[in-house]
Amino acid sequence: MKATETQPSFLGRISIRRNQVMSMEGNHEQELQDLDLFQKHVSDRFAALLSSPEDLPHEPLLSISWLRKLMDVFLCCEAEFKAVLITGRDPTQISKPPLDRLIPEFLERAVKVLDICNAVSSGVDSVRQCQKFAEIAVSALETKPMGDGQVKRARKALTSLLSAITSDDRDNNHFKSTERAWSFGRRVNQGGFRKDKPAGSFRSLSMVVAKNWSAAKQIQSMFSNLVAPRGAESTGLASPVYVMSVVMVFVMWALVAAIPCQERSGLSTHFQIPRQLTWAQSMIGLLEKIGEEWKKKEKKGSAGLLEEVQRMEKLGQSLIEFADGFHFPGEAEKLEDAATQVAELADICMRMEEGLVPLQQQIREVFHRVVRSRREVVELLENAGAVSQPME
Amino acid sequence: MANCEEEEHIFAAAQHILKALWANKHLGDDAKRTIAELECHLSAVFPTIERDEAVHAEVEERLKSAERKVMQWKANPSSIWDSGPTKPCEYLQAVNEIQSVMEILGGLSMNNISKRRELTRRAQCALQIAMSRLEEELYHIIVQHKQSFEPQYMSFRSHMVDAASNESFASVEDEIVDKASSDVTATELVQHTIDLVDPQVIPDIKAIACAMFASNYEKEFRETFIGIRKQALDEYLSSLKFEKVSIEDLMKLDWENLNSQIKIWLRAVEIFVRLYLASEKRFCGQILGEFDSVSSFCFAEISEASILCLLNFGEAVAMGPHRPEKLFRLLDMYEVVLDILPDIDELYSEETGFFIRLELHGLSMSLRDSAMVTLTEFEDLILSDASIQCFPQGGIHHLTRYVMNYISTLTVYSGILDCILKDQPVDGQSASPEIDSGQNSNDVSSSVLSPLAHRLRSLISALESNLTEKSKLYKDGSLGYIFLVNNIHYMVQKVKDSELRLLFGDEWIRKHNGKFMKHAMSYERATWSSIISILKDDGKANAKEKCKRFCNAFEEVYKSQTQWHIPNPQLREDLQISTSQNLVHAYRTFLGNSRDIGDKYIKYTPDDLGKMILDLFVGSPRSLNNSRRG
């Protein structure tokens, strides 16, 4: 699903219609139609994400390519939402209650999305580093015939890989790694030249957002004031704002769950979607699946639920076992098993090589898109005179 | 292959037999000769095997000595590079030995495969240990020899102007804005780089790089190298006081704090890019120059995260609320970004840095757009700044002060603003067309005005139209005129005394001089015409009556207008003199013509009147008793 696939007709229709009916008062019917369509599209898109068809075995839940689809879905929903909310809109409509409260809340959420994008993007960096370690292991273990030197080389890379994967979010923060690095330097004089070397000189997840910033808390606060519109509100503009907010929180939540990110404890408990929302059924399904996975993993402390990283972790552990039991020239059966695993690891590396940078670019695109939309909404509000920025 | 192995077996078996024969101590000379002949024969039959044996022996010897060296250091906890000048050289030689051993082993089509395999295996093992060690040494050397700097001595741009920093309309004073800084031209950071790592160890690092690359351990080298340098750059960035703040928190920051954060950012960006990134790039080149693409790849990986932090700050500021004071900072930021664009384009000229280049160009546009929105909103704000009450004493409104100080500060940015504005679509937004159209029609100079001058004139027009509205709030129309006189005079003074003069031209000044003088005349007419006309009244009233009414009317004016205020002494005096000329002259003439009025009916002499007029517009109410002949 490309970001442009369903837009033109829908967006075009909205803008044409708005231009036609701008002058008329009673376009409520059409508003309702727009809203229905928007909800339907959101629902369809997430249904496609949930089904993850068998004929596409490379796109399991929370894999890189799945996340890339998720980003596309977000961008599509976002574009439609903007069309519903802004295109041809009379500014006074969004400055009336309850929108005078809902829109500013929405804008606050948008700002939080930006910080999460930055944090996650740096998380992708650390996944890329895992990829590099894995590549070293692969190339070492692909050498024929396999000797202890290459096996040891692979083992070292795999140890770095695992320590990168399993180290807890909090351990990855900037300060600790700095301390470690420098104490290594200082201790040289005491003869402890190698003792303090950080495991595999692991490129740490540097603190990108701010000290004490927590992805989990951000998700929580994005969600905390999110209430489904009721009664008359549910047929007005409050509804698309709510729908888009849920999409926003869900997508950010899934990203944070999948990709290493600053401070994520308690992530699974922070976010629920009301069951009665028909358009959100697939999202609820995804939320449950991912939530369960998260609970299983959280105790162990892991780099996240990214499918490739999880498989990498398993393969890494198994290949370390192999390396530890290796005696030249090695048993044929074990060598064969190892070769299969190495091939699998190589395959993951390839998929990371193909997908991580584009994923990072998509995350950046989401960032810029949210910035732009936010600006447009703010301008609309300013036109309505609702947001005054007093000089005092 | 099978043949080879068979031959090897025969050769080995034959040698075995010969060895056993030699072992017999009771051999006769004949027997010895026969065995020697056999040996010769054997060599003749299997010449390559013989030679390989020799090579094996030699290779094994070399490998053994290299292994010894590697293993010896494996047990030693101290750094090789800290252990005297010869040690690293010896170690690298050992690595070199292992490499050439592996090369020989790989190049020879040796017959003794198992032997070759065994030697290769041993060599790989030793190489792995050595590489692992070199990785640690590399880490140690770079971390140990990282150099830090006090960036204070570094010159950097500073035409930061504090316009009305955190002041509101109500309290802004001239001085706050007037401290426009010394010089607009940024003190260009000379394109010089510094040594981020002690240059003495560069050959060492380079040697390690070469050894690791030659041994196919390039990836390990890269990971370690990038990891350390990335962290180092992060530390340099913190040393520039740049703090990572979430976009959310930045948006919530009050202006004062944001302003100081921006100033830190401005300095940090320039120094970071010009000095640290340039130096880092050079350092990467020094180490990895021979591996060109690796060098630029490493540089991009090392620097991307830090530069992205700086970019995100910029995006956040561009996104935040458009308060007028922010315009100056936005322009500062825009200018810095434009300044470093060529540097960034150069630093990231390869494909690996495309993303950064793109982002920086994007940021420059965000900042530019944000600045333009701020300017437009400022204009709207001027137009819409509504007052409910009239400004006391008809003095200079703080809006006037604020706007004039604001725009005269903007002239500091005239270069960059002209650049931005000339690309902006001209929309019909220029404020208050009534004032504009009235004057531009016969203003020859307006066609050659710079884009900024156009925009500033439009701002001033907005101000004028707002002031006109405000002047209508006065119940006493005369005070409304005084208010306009004061404010327009202030505007003219501000223009004359600043760079605005060049932007607006003498024509504008003349016109506005004319404007406030017209308002002054209107004032005189509104206040004094009716009073003077009392004296001229041809009606039935006699001179005594006229005189009395005149004096009473004058007293009324005196009571109220001594409270009015014209802060500029020159302007005040001008208006007093002009009033005096009219009024005292008319009074004197009247008295001259009406000699029948007795002295006791003449409450004030013309001289009294003249003196009392000097009390007008001083802004402090006087009672008549005090002032009279006091």
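The values are calculated or read from the model by the stated rules, or taken from the named source; none is laboratory data. Please read all numbers here as calculations on a predicted model, not as lab measurements. Reconstructed Cβ throughout: ideal geometry from the backbone, glycine too, with neighbour counts over all protein chains shown.
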Query raised in the report: If you check every pair at least six apart or on different chains, which have Cβ atoms under 7 Å apart with a residue in the stretch B:111-139 that is at the interface with chain A (Cβ under 7 Å from one of its Cβ atoms) first and a residue that is part of a loop (DSSP other than H, G, I, E, B) and at pLDDT 90 or above second?
Result: B:L127/B:S215
**Report entry** Condition met for A:A338 (away from every other protein chain (no Cβ under 14 Å), within 16 Å of A:L61 (Cβ to Cβ) and outside any loop (DSSP other than H, G, I, E, B))
**Finding:** no
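For every residue, the table says whether it meets (1) more than 30 Å from A:E80 (Cβ to Cβ); (2) polar (S, T, N, Q); (3) surrounded by 15 or more Cβ atoms within 10 Å (Cβ to Cβ); (4) within 12 Å of another protein chain (Cβ to nearest Cβ).
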| position | (1), (2), (3), (4) |
| --- | --- |
| A:F322 | yes, no, yes, no |
| A:A346 | yes, no, yes, no |
| A:V357 | no, no, no, yes |
| A:R364 | no, no, yes, yes |
| A:F367 | no, no, yes, yes |
Query raised in the report: Of these, B:G84, B:G106, which one is more than 10 Å from chain A (Cβ to nearest Cβ) and closer than 17 Å to A:M146 by Cα?
Result: B:G106
Report task. Please determine, by comparing only the residues of the stretch B:324-351 that are of a type in the set (D, E, K, R) and crowded, with 19+ Cβ neighbours inside 10 Å, which one is farthest from B:G285 (Cα to Cα). Result -> B:E325
Query raised in the report: Does B:D234 satisfy the criteria of being under 23 Å from B:I271 (Cβ atoms), facing another protein chain (nearest Cβ under 8 Å) and either in contact (Cβ under 8 Å) with a residue 24 or more places away in the chain or not charged (D, E, K, R) (or both)?
Result: yes
Query raised in the report: Within the stretch A:266-303, which residues are modelled with pLDDT under 85, outside any helix (DSSP H, G or I) and surrounded by 17 or more Cβ atoms within 10 Å (Cβ to Cβ)?
Result: A:F271, A:S302, A:A303
Query raised in the report: Is the stretch A:134-145 home to any residue that is in contact with a Gly (Cβ under 9 Å, 6 or more places away or on another chain), more than 7 Å from chain B (Cβ to nearest Cβ) and either closer than 21 Å to A:I259 by Cβ or at pLDDT below 50 (or both)?
Result: yes
Query raised in the report: Can you spot a residue in the stretch B:220-231 that is of a type in the set (S, T, Y), touching a residue at least 60 places away in the same chain (Cβ under 8 Å) and not in a helix (DSSP H, G or I)?
Result: no
Query raised in the report: Quick one: is B:E97 among the charged types (D, E, K, R), facing chain A (nearest Cβ under 9 Å) and closer than 16 Å to B:M71 by Cβ?
Result: no
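Out of all the residues in the stretch A:91-105, is one or more at positive phi and not in a helix (DSSP H, G or I)? First the steps, then the outcome.
Initially, the stretch A:91-105 is screened for residues at positive phi, giving none.
No, that holds for no residue.
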Query - Lone qualifier among B:E290, B:E280 - being away from every other protein chain (no Cβ under 14 Å), crowded, with 23+ Cβ neighbours inside 10 Å and over 13 Å from the mean Cα position of the chain (by Cα) - result: B:E280
Query - Unique residue being under 30 Å from B:F590 (Cα atoms), in contact (Cβ under 8 Å) with a residue 12 or more places away in the chain and buried (at least 20 other Cβ atoms within 10 Å of the Cβ) when the list is B:A553, B:A520 - result: B:A520
Query raised in the report: Among the numbered criteria (1) modelled with pLDDT of 50 or more; (2) more than 14 Å from every other protein chain (Cβ to nearest Cβ), which single criterion is violated by B:D178?
Result: (1)
Requested in this report: State whether the residues of the stretch B:192-203 include one that is over 30 Å from B:P85 (Cβ atoms) and either more than 11 Å from every other protein chain (Cβ to nearest Cβ) or not in a helix (DSSP H, G or I) (or both).
Outcome: yes
Query raised in the report: Can you name the number of the only condition in (1) outside any helix (DSSP H, G or I); (2) closer than 20 Å to B:L614 by Cα that B:S498 fails?
Result: (2)
Query raised in the report: over 21 Å from B:H398 (Cα atoms) and among the aliphatic types (A, V, I, L, M): does that describe B:L535?
Result: yes
Requested in this report: Residues being surrounded by fewer than 24 Cβ atoms within 10 Å (Cβ to Cβ) and either touching a Leu at 6+ places or on another chain (Cβ under 6 Å) or of a type in the set (S, T, Y) (or both): count how many of those fall in the stretch A:127-137.
Outcome: 1
Requested in this report: Read through the list (1) within 14 Å of chain A (Cβ to nearest Cβ); (2) more than 30 Å from B:D204 (Cβ to Cβ), then give the number of the only condition that B:D345 fails.
Outcome: (1)
Report task. Go through A:G266, A:G285, A:G236, A:G231 for me and flag whichever is closer than 18 Å to A:S214 by Cβ and more than 15 Å from the chain's Cα centre (by Cα). Result -> A:G266
**Report entry** Selection from the stretch B:272-319 of residues that are charged (D, E, K, R), part of a helix (DSSP H, G or I) and out of contact with any Leu (no Cβ under 8 Å at 6 or more places or on another chain)
**Finding:** B:R282, B:D292, B:E301, B:E304
Query raised in the report: Taking B:V95 and the conditions (1) surrounded by 21 or more Cβ atoms within 10 Å (Cβ to Cβ); (2) part of a loop (DSSP other than H, G, I, E, B); (3) of a type outside the set (D, E), which numbered condition does it fall short on, given that it satisfies the others?
Result: (2)
Query - Test result for B:A268, crowded, with 22+ Cβ neighbours inside 10 Å, under 19 Å from the mean Cα position of the chain (by Cα), away from chain A (no Cβ under 14 Å) and of a type in the set (G, A, S) - result: yes
Report summary line: Within the stretch B:64-82, of all residues that are within 48 Å of the chain's Cα centre (by Cα) and modelled with pLDDT of 90 or more, the one surrounded by the fewest Cβ atoms within 10 Å (Cβ to Cβ) is B:D82
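A quick yes/no check of all residues on (1) in contact with a helix residue (DSSP H, G or I) (Cβ under 8 Å, 6 or more places away or on another chain); (2) under 15 Å from B:I531 (Cα atoms); (3) surrounded by fewer than 17 Cβ atoms within 10 Å (Cβ to Cβ):
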| position | (1), (2), (3) |
| --- | --- |
| B:P567 | yes, no, yes |
| B:D596 | yes, no, yes |
| B:Y604 | yes, yes, no |
| B:D608 | no, no, no |
| B:R622 | yes, no, no |
Query raised in the report: Restricting attention to the stretch B:291-340, which residues are among the charged types (D, E, K, R) and touching a helix residue (DSSP H, G or I) at 6+ places or on another chain (Cβ under 8 Å)?
Result: B:E301, B:E304, B:E315, B:R323, B:E325, B:K326, B:R329, B:D332, B:E335, B:D339
